[in-house]
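The values are calculated or read from the model by the stated rules, or taken from the named source; none is laboratory data. A quick note: this is a predicted structure, and the numbers were derived from the prediction, not measured. Cβ atoms come from the backbone with ideal geometry, glycine included; neighbour counts cover every protein chain shown. We work out accessible area using only protein heavy atoms, side chains counted, and drop any ligands, DNA or RNA first. Shrake-Rupley method; radii C 1.70, N 1.55, O 1.52, S 1.80 Å.
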Amino acid sequence: MITLASDFGSPYPAAMKGVLLSRADDPRLVDVAHDLPRGDPRSAAFWLRFVLPEFPPAVHLAVVDPGVGTDRAAVAVRAGDHALVGPDNGSLVPPARALAEASADAGADPEIEVFAVRTDDPRSSTFHGRDVFAPAAAAVHEAGVERMDALDSLDPVDEYESVLFSDARVETGRAVGEVLVVDDFGNAVTNVPGSFLDGHRGGSVTVRTSGGEASVPVVETFADAPAGDPLVTVGSHGYVECDVNRGRGDEAFDLAPGRSVVLSFDEEETQLLPT
Amino acid sequence: MITLASDFGSPYPAAMKGVLLSRADDPRLVDVAHDLPRGDPRSAAFWLRFVLPEFPPAVHLAVVDPGVGTDRAAVAVRAGDHALVGPDNGSLVPPARALAEASADAGADPEIEVFAVRTDDPRSSTFHGRDVFAPAAAAVHEAGVERMDALDSLDPVDEYESVLFSDARVETGRAVGEVLVVDDFGNAVTNVPGSFLDGHRGGSVTVRTSGGEASVPVVETFADAPAGDPLVTVGSHGYVECDVNRGRGDEAFDLAPGRSVVLSFDEEETQLLPT
Amino acid sequence: MITLASDFGSPYPAAMKGVLLSRADDPRLVDVAHDLPRGDPRSAAFWLRFVLPEFPPAVHLAVVDPGVGTDRAAVAVRAGDHALVGPDNGSLVPPARALAEASADAGADPEIEVFAVRTDDPRSSTFHGRDVFAPAAAAVHEAGVERMDALDSLDPVDEYESVLFSDARVETGRAVGEVLVVDDFGNAVTNVPGSFLDGHRGGSVTVRTSGGEASVPVVETFADAPAGDPLVTVGSHGYVECDVNRGRGDEAFDLAPGRSVVLSFDEEETQLLPT
């Protein structure tokens with residue numbers, strides 16, 4: 001199985017599919033997404049970390065590559081039963097660590113291994129998805145993840161890029177965090193762990209952003225707030241989200257990736273918390 | 001075979017694919033659409049009824065679910081050789097009836113059977129596509145549609161939601177209907193049966209909407225009208241559509257789902273009709 | 001293997017998938033793109049010619065069909081080990097020739113063969129993707145490309161439409177061309193062969209368009225120019241592109257398909273070229 005993710009829109013991903021089908025022996029292909037935020041390895045890392053652990057063992061071709069054609073390396077990463085192939089810009093490492101951890105639960109190696117992909121002169125300088133990464137993913141698929149280290153085209157490396165996600169600062173009754181991504185619905189996903197809202201569902205929280213300060217309900221799910229109303233909830237990735245039921249949270253709260261969010265419970269409510 | 005439809009955009013559908021591939025034994029996955037009109041079970045019902053009967057027997061995972069995380073039930077529906085899995089908000093029943101009727105032509109049970117899906121506490125309250133419906137669809141796929149009633153997780157139910165599409169009022173020379181959906185091209189699909197236009201192709205019809213009243217040509221296909229011109233034709237679902245050749249009918253006629261449309265032939269032309 | 005390409009958006013392509021899966025015996029389906037520029041056989045020809053040669057032998061269902069329902073013919077084209085099925089509007093011939101040439105390198109027939117598809121009265125006049133082309137593609141898939149000429153439904157024809165791409169006029173130090181397509185990133189792909197830039201990388205070129213005249217850097221890849229800056233490079237199809245690093249070249253240069261582009265090197269730099 002080979003999954004494909006990119007920021008290529010259309011129809012460039014089809015060229016990668018053609019290469020994979022030409023070079024690998026009847027691989028199952030599964031599209032993850034081809035509209036990842038453009039040129040943004042950080043958002044790619046978030047979404048791949050979110051999605052890829054749902055998959056059975058696979059080779060994941062993941063190309064969000066603003067540095068295509070420069071001297072950034074091409075890498076293949078072994079993570080438990082999975083492998084990832086893409087540019088060395090940090091986007092592959094957080095999902096690789098998540099895959100390795102999940103595999104470790106099943107007794108596999110919890111460490112990731114990173115390999116540089118040696119490539120002959122590629123056909124183009126602007127489409128390494130087709131010319132470098134898809135051939136490398138096909139080669140890993142044909143060798144098998146277990147035996148990928150035997151590929152001549154892969155050299156183990158100790159140094160590689162990684163996206164780091166900063167932790168939110170969480171105190172009793174107050175959390176200072178930032179937006180990691182905004183999803184397709186306009187939900188602004190923060191780095192504040194969902195547990196911050198424990199004991200507050202049905203109550204409210206004060207949200208401070210560049211858009212101002214407001215007290216909004218803490219709900220279990222979108223439809224617990226009236227349509228069009230802002231809300232705070234725990235998203236499916238386990239983080240606090242600033243949302244609007246049937247609307248866009250990013251617009252209501254004036255949020256975008258990297259912007260800061262301060263959440264606080266007022267004193268009376270905080271005193272109700274177990275200490 | 002498992003088909004997938006949702007209003008999730010991207011990349012959330014990939015998490016459902018991962019779950020299906022992890023839990024079912026090598027199922028073929030086919031994307032139907034992941035940009036169904038957001039939060040609109042009615043449009044979902046229309047499109048699924050339009051598309052799913054083209055498929056061979058399959059399990060159809062269909063998640064347009066504005067009530068995610070509330071107490072609306074999860075359902076699995078058996079419809080002939082097919083099964084549908086999704087929220088109990090009415091979106092599954094019209095396509096299920098269409099699939100059952102098509103199967104009945106081949107000698108199968110023309111009735112649909114609806115089951116409530118019993119779920120353990122799901123991982124999230126906001127992404128039941130991943131946490132409730134995909135696991136249920138995988139279970140139905142593994143059991144087989146014929147034996148899905150033997151699944152412990154399914155309980156037959158007699159009461160369930162269904163989207164109802166109102167019939168147009170059709171008289172000689174006049175039809176009063178409404179827009180069911182607007183498609184990606186901007187074609188406004190009404191509930192007026194295509195037969196209303198019988199005998200009028202090459203003539204014209206008066207269309208009255210909130211956008212005004214106009215006499216427009218009744219054509220066999222888009223290109224029978226000049227580019228940019230409004231027209232009325234019978235769409236591929238058998239209903240009358242208000243379109244613009246190489247333009248957007250919804251804008252030209254000021255139409256949107258639920259808005260009313262009155263079609264009438266002027267007297268002279270009506271008199272030409274066989275009575 | 002059957003690939004699918006169209007300008008249908010969503011969810012119409014799913015109806016074609018259903019038909020293919022119902023009529024062909026377990027074909028692998030691969031989506032190429034369903035957002036090809038709408039109603040534009042010329043852009044379709046470009047993109048299909050770019051993408052399809054990456055694929056192993058397959059049947060390619062390609063439907064960009066502004067004349068649906070008119071008397072334009074339906075055609076199936078044999079091109080080496082590949083077949084293409086779609087409307088006779090020229091969109092299939094450039095990719096067919098590219099596929100035949102690629103197959104010829106492997107010893108196969110370098111000529112394309114075009115067949116008219118005989119169809120019974122189709123179910124609709126507006127959705128031949130579902131009603132004419134998908135059934136024809138399924139029939140070719142079942143017969144096999146080698147034996148497709150034995151199909152009763154196919155009649156060889158000598159006359160058919162073809163999109164022609166004009167060549168750029170290239171002189172020493174000066175090229176007069178036009179934009180073929182604008183891609184999803186906003187890159188304006190011209191018909192000037194990439195070789196025109198040989199020996200000029202790291203230098204600059206004067207670009208004249210309806211948007212004005214400017215001297216811009218000639219780079220190896222996007223990131224060789226600062227973010228937001230216009231540039232000229234050779235794209236992955238081998239043509240000169242007018243781009244912006246992390247921005248839209250079509251907007252910066254005021255370009256769209258069909259608009260003219262004049263590229264020239266100033267005299268001093270031209271004198272540096274080998275003659």
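Copy-to-copy spacing for C:THR206, label 7 Å out on the Cα-to-C-beta vector, in nm, shortest first?
Nearest first, the other copies' label points are 6.4, 6.4 nm away.
Might you tell me the accessible area per residue for segment B:2-157, computed with a 1.4 Å probe and given in Å²?
33
Cβ under 13 Å from B:GLY9's Cβ, B:GLY9 left aside: what net charge do those residues give with Lys, Arg +1 and Asp, Glu -1?
With Lys, Arg at +1 and Asp, Glu at -1, the net is -4.
How large is the convex hull of the C-alpha atoms of the protein assembly as shown per residue, in Å³?
197
Relative contact order for segment B:180-248: what is it in percent, counting Cα pairs under 8 Å that are at least 6 residues apart?
With pairs under 8 Å counted, the relative contact order is 34 percent.
Run the accessible area of segment A:2-157 with a 1.4 Å probe and give the carbon-and-sulfur part as a rounded percent.
That fraction is 45 percent.
Carbon and sulfur atoms: what percent of the 1.4 Å accessible area of segment A:169-271 do they account for?
So the carbon and sulfur contribution to the accessible surface is 43 percent.
Specify the angular offset, from 0 to 90 degrees and rounded to the nearest 10, of the alpha carbon long axis of helix A:134-143 from the longest principal axis of the alpha carbons in chain A.
Once rounded, one gets 80 degrees.
Which distance in Å, rounded to a whole number, links the C-alpha centroids of segment A:182-209 and segment B:9-77?
Each part's Cα centre sits 27 Å from the other's.
With contacts defined as alpha carbon pairs under 8 Å and 6 or more residues apart, what's the relative contact order of chain A in percent?
15
Give the whole-number value, in cubic angstrom per residue, of the convex hull volume spanned by the C-alpha atoms of segment A:101-162.
116
Volume per residue, Å³, of the convex hull around the alpha-carbon atoms of chain A?
Convex hull of Cα atoms, per residue: 141 Å³.
Based on DSSP H runs of at least 4 residues, each adding -39500 (n - 2.57), what is the mean residue ellipticity at 222 nm of the protein assembly as shown after dividing by all its residues, to the nearest 500 deg cm²/dmol?
-6000 deg cm²/dmol
Relative to the other copies, what are the label-point distances for B:SER195, with labels 7 Å from Cα along the C-beta vector, expressed in nm at one decimal and sorted shortest first?
6.5, 6.6
Once C and A are treated as a pair rather than alone, how much accessible area drops out, both sides summed, in Å² to 100, probe 1.4 Å?
2300
In degrees between 0 and 90, to the nearest 10, how far off the longest principal axis of chain C does helix C:41-51 point, with axes built from Cα atoms?
80
Between copies, how far apart are the C:ASP109 label points? List them in nm, one decimal, shortest first, with each point 7 Å from Cα toward Cβ, please?
Ordered by distance, the counterparts are at 5.2, 5.2 nm.
Cβ under 12 Å from B:ASP250's Cβ, B:ASP250 left aside: what net charge do those residues give with Lys, Arg +1 and Asp, Glu -1?
That works out to -4.
Let me spell out the model: positive unit charges on the Cβ of Lys and Arg, negative unit charges on the Cβ of Asp and Glu, origin at the Cα centre of chain A. What dipole size does that give, in debye rounded to 20?
560
Quick check on segment C:169-271: what are the equivalent-ellipsoid semi-axes from the Cα gyration tensor, as sqrt(5λ), descending, whole Å?
Gyration-tensor ellipsoid for segment C:169-271: 18, 15, 12 Å.
Looking at segment C:2-157 from every direction and averaging, what is the projected area of its Cα convex hull in nm²?
Its average projected convex-hull area is 7.9 nm².
Sort B:241-249, C:74-82 by packing, meaning the average of other beta carbons within 10 Å per residue, with the highest value first.
C:74-82, B:241-249
Name the nearest-to-axis residue of chain A, judged by Cβ distance to the rotation axis taking chain A onto chain B, and quote that distance in whole Å.
Whole-Å result, nearest residue of chain A to the axis: A:ASP31, 4.
Once Lys and Arg get +1 and Asp and Glu get -1 on their Cβ, which of A:VAL170, A:VAL219, A:LEU197 lies farthest toward the positive end of the dipole of segment A:169-271?
A:VAL170
Can you list the residues in segment C:103-133 whose accessible area drops by at least 40 Å² when all protein chains are present, compared with the chain alone? Use a 1.4 Å probe, heavy atoms only.
C:SER125, C:THR126, C:ARG130
Pick out, from B:GLY186, A:GLY18, B:ALA79, the residue whose Cα sits farthest towards the positive end of the charge dipole of the protein assembly as shown, with +1 on the Cβ of Lys and Arg and -1 on the Cβ of Asp and Glu.
The residue sitting farthest along the positive end of the dipole is B:GLY186.
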